[in-house]
Amino acid sequence: MSGASNETIDVVLHVWRQPPGGEGRMVTYTEEAKGISPDMSFLEMLDVVNERLIAKGEEPIAFEHDCREGICGSCGMMINGQPHGPQKGTATCQLHMREFRDGDEIYVEPWRARAFPVLRDLIVDRSAFDRIIEAGGYITAPTGSAPDANLIPVPKEAADAAMDAAACIACGACVAACPNNAAHLFTAAKLQHLNLLPQGQAERYQRTVAMVEAMEEYFGSCTMHGECQEACPKEISVDFIAYMNRDFVKAQLKNRKLAGQT
Amino acid sequence: MQTMERQRVAPVHPRPRRPAPWPVEFYRSTVGMKWVMAVSGIFLMGYVFLHMLGNLKLYMGADDINHYGEFLRDLLVPIFPRTVTLWLLRIGLILAFFFHVHSAYRLTRINRRARAEGGYISKRDYQAATIASRSMRMTGVVILLFVLWHLADLTWGTANPDFVRGDVYRNVVASFERPVVSLIYIVANIALGLHLFHGAWSMFQSLGLNNPRWNSVRRGFAAGFAGIVMVGNLSFPIAVLTGVISADDNPDCRVVDGVIETCELYAGEGEG
């Protein structure tokens, strides 16, 4: 494309506003969302709206953001009924206003799930994810001097698959997209990036059971709509959910005294 | 700026404190319930397929289907007494049906509870969910109600005034000749087709049977299976309504009190 465009668009913004501990409602911004450059990211558009709200003495729209390069996972919001907006494989921070047309109405809402209470406006508490990680999202390794690189051989396919799972940024889009508010894609990704590698084998079955149980305390169950995979900004495959299910069933039957033998 | 004091998010589904024996513990988890749902689903799929296949004998005439009914009662007869094998299969079927429905009911409750009150204000824009996947609960309830009706109609005969025990052919024709009843069968079998289209695909996921080598076949398998069962089952009421199958065929085949009295087996070899 040929550089920055000079044309701007006017959009109509419907945003969920909710004070801490209070009742929320949708608020429409028309004047504040005029003259938006298509080159702005969605968050930059919100920044502009907020500047104008502050200039008018109003409370700016609270939204979570950090890296703005699609790797921190904090900027999740529901845009026109799709987590992270209409562009596939993109977090909200990397969604650009060129995806929208002049005069478009844009509906922005926080993630909705019972385990993700709204803290303020578009910010939700995703600490239920932390409970799942605490339950087993780690390996136990002896400390001391750094081990030699490439000491443990890992097949290329396994390394690639583990890396695909490890791409999860824990943004919560999978939970937000799921009609059942299941966190299977998140949990499966966090499990399989360890379970697929040799370093993760020692605690594989214990980890699987513990993390699935922690997940089920907060979230729903999978009915395989496949919405999570579509919503995921890292395009993590639902195949990992199947691997998690398989490991969970194996964990019930496995003689863990012999877990090292296949 | 004051910092907000954050309350720890409470579990939506707190786990029972006391651990249970492992099969119960497994069935408590949603992953376990989905596994049970998939296994019972496979059993039910096998049944529904064989049921459709057996019913195709309607096209071969009263002789064939009535003797097929007899054959089912006489299954494994030298080993077990008459109808024992059939009852063993029925008990398995009832168990599979019970667990399939029970796990669905419990999972629905869990899923409802996991959702935020009110949900999304703006319209959700679904990308991958299909009509079949979104209507699983509805089609499931339709099938459940239909099965009860179907038993009353063609097994117990309480909903069929012309019912004669053992005369499969005439019972089916007498039942389907009522257009309202045919309509019930048609609606229920479309629901079954939709249910199978999603179920036969997603069961692989629930069982963890996932292999990139043959993942692409799964959707086709589900579509093919659902399609064959649905087309087969839909053809029966339509065939009766259009007169392709009618009670005038094989007028000599008489069944009294569940026993075939006169019905020459394969009398008209070669013709329908």
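The values are calculated or read from the model by the stated rules, or taken from the named source; none is laboratory data. Values in this document were obtained by computation on a predicted structure and should not be read as measured data. Every residue, glycine among them, receives a Cβ derived from its backbone with ideal geometry; neighbour counts consider all protein chains shown. Each accessible area value is taken on the protein alone, full model and side chains, heavy atoms only, with ligands, DNA and RNA left out. Shrake-Rupley method; radii C 1.70, N 1.55, O 1.52, S 1.80 Å.
Checked across segment A:46-53, the condition of being over 17 Å from residue A:169 (Cα atoms), crowded, with 20+ Cβ neighbours inside 10 Å and away from chain B (no Cβ under 14 Å) holds for at least one residue.
So which residues in segment B:40-52 are touching a residue at least 24 places away in the same chain (Cβ under 8 Å) and open to solvent by less than 80 Å² (accessible area, probe 1.4 Å), if there are any at all?
Let us first name the residues in segment B:40-52 that are touching a residue at least 24 places away in the same chain (Cβ under 8 Å), namely B:40-45, B:47-49, B:52.
Within segment B:40-52, B:40, B:41, B:42, B:44, B:45, B:48, B:49, B:52 qualify.
Taking only pairs six or more apart or across chains, which ones have beta-carbon atoms under 6 Å, a first residue in segment A:157-169 that is closer than 26 Å to residue A:93 by Cβ, and a second residue that is in a helix (DSSP H, G or I) and aromatic (Phe, Trp, Tyr)? The qualifying pairs are A:165/A:240. There is at least one residue in segment A:230-252 that is more than 30 Å from residue B:131 (Cα to Cα), among the basic types (Lys, Arg) and open to solvent by 50 Å² or more (accessible area, probe 1.4 Å).
The rows are residues; the columns are (1) in a helix (DSSP H, G or I); (2) closer than 22 Å to residue A:175 by Cβ; (3) in contact with a Phe, Trp or Tyr (Cβ under 7 Å, 6 or more places away or on another chain).
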position	(1), (2), (3)
A:70	no, yes, no
A:129	yes, yes, yes
A:138	no, yes, no
A:144	no, no, no
A:151	no, no, no
A:154	no, no, no
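So, residue B:126, is that one in a loop (DSSP other than H, G, I, E, B) and open to solvent by less than 80 Å² (accessible area, probe 1.4 Å) or not? Please lay out each step first, then the result.
Values: in a loop (DSSP other than H, G, I, E, B): yes; open to solvent by less than 80 Å² (accessible area, probe 1.4 Å): yes.
Considered against the rule, which asks whether it is in a loop (DSSP other than H, G, I, E, B) and open to solvent by less than 80 Å² (accessible area, probe 1.4 Å), residue B:126 comes out as yes.
Contact annotation: no residue pair with Cβ atoms under 6 Å, 6 or more positions apart or on different chains, pairs a residue in segment B:107-118 that is within 7 Å of chain A (Cβ to nearest Cβ) and in a loop (DSSP other than H, G, I, E, B) with a partner that is of a type in the set (Phe, Trp, Tyr) and crowded, with 19+ Cβ neighbours inside 10 Å. Whether any residue in segment B:22-39 is more than 16 Å from the chain's Cα centre (by Cα), more than 24 Å from residue A:244 (Cα to Cα) and surrounded by 12 or more Cβ atoms within 10 Å (Cβ to Cβ) is what I want to check. Within segment B:22-39, not a single residue is more than 16 Å from the chain's Cα centre (by Cα), more than 24 Å from residue A:244 (Cα to Cα) and surrounded by 12 or more Cβ atoms within 10 Å (Cβ to Cβ).
So the check is Cβ under 8 Å with 6+ separation or different chains; which pairs have a first residue in segment A:76-92 that's within 9 Å of residue A:108 (Cβ to Cβ) and without any contact (Cβ under 8 Å) to a residue 60 or more places away in the chain and a second one that's among the acidic types (Asp, Glu) and in a loop (DSSP other than H, G, I, E, B)? Qualifying pairs under 8 Å: A:80/B:125. Selection of segment A:198-218 for residues being surrounded by 21 or more Cβ atoms within 10 Å (Cβ to Cβ) and of a type in the set (A, V, I, L, M) yields A:211, A:212, A:214, A:215.
Do you know which residues across segment A:15-45 are in contact (Cβ under 8 Å) with a residue 40 or more places away in the chain and among the hydroxyl-bearing types (Ser, Thr, Tyr)? Matches in segment A:15-45: A:37, A:41.
Taken over segment A:11-32, the residue count meeting the criterion of being open to solvent by less than 30 Å² (accessible area, probe 1.4 Å), at pLDDT below 95 and over 24 Å from the mean Cα position of the chain (by Cα) is 2.
In the set B:243, B:224, only one residue is on the phi > 0 side of the Ramachandran plot and either open to solvent by 10 Å² or more (accessible area, probe 1.4 Å) or part of a helix (DSSP H, G or I) (or both); that residue is B:243. Scanning segment A:108-123 for residues that are more than 30 Å from residue A:36 (Cβ to Cβ) and without any contact (Cβ under 8 Å) to a residue 60 or more places away in the chain turns up at least one hit.
Counting only helices (runs of 4 or more DSSP H) wholly contained in segment B:1-78, the ones carrying 3 or more residues that are within 14 Å of another protein chain (Cβ to nearest Cβ) and of a type in the set (Phe, Trp, Tyr) occupy B:22-28.
Restricting B:209, B:196 to those that are more than 12 Å from chain A (Cβ to nearest Cβ) and open to solvent by 10 Å² or more (accessible area, probe 1.4 Å) reduces the list to B:196.
Condition check ((1) more than 8 Å from chain B (Cβ to nearest Cβ); (2) over 24 Å from residue B:9 (Cβ atoms); (3) of a type in the set (Lys, Arg)) across all residues:
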site: A:175; (1), (2), (3): yes, no, no
site: A:191; (1), (2), (3): yes, no, no
site: A:209; (1), (2), (3): yes, no, no
site: A:220; (1), (2), (3): no, no, no
site: A:233; (1), (2), (3): yes, no, no
site: A:238; (1), (2), (3): no, yes, no
site: A:247; (1), (2), (3): no, yes, no
site: A:255; (1), (2), (3): yes, yes, no
site: A:258; (1), (2), (3): yes, yes, no
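Residues in segment A:57-83 that are on the phi < 0 side of the Ramachandran plot, away from every other protein chain (no Cβ under 14 Å) and under 11 Å from the mean Cα position of the chain (by Cα): 4 in all.
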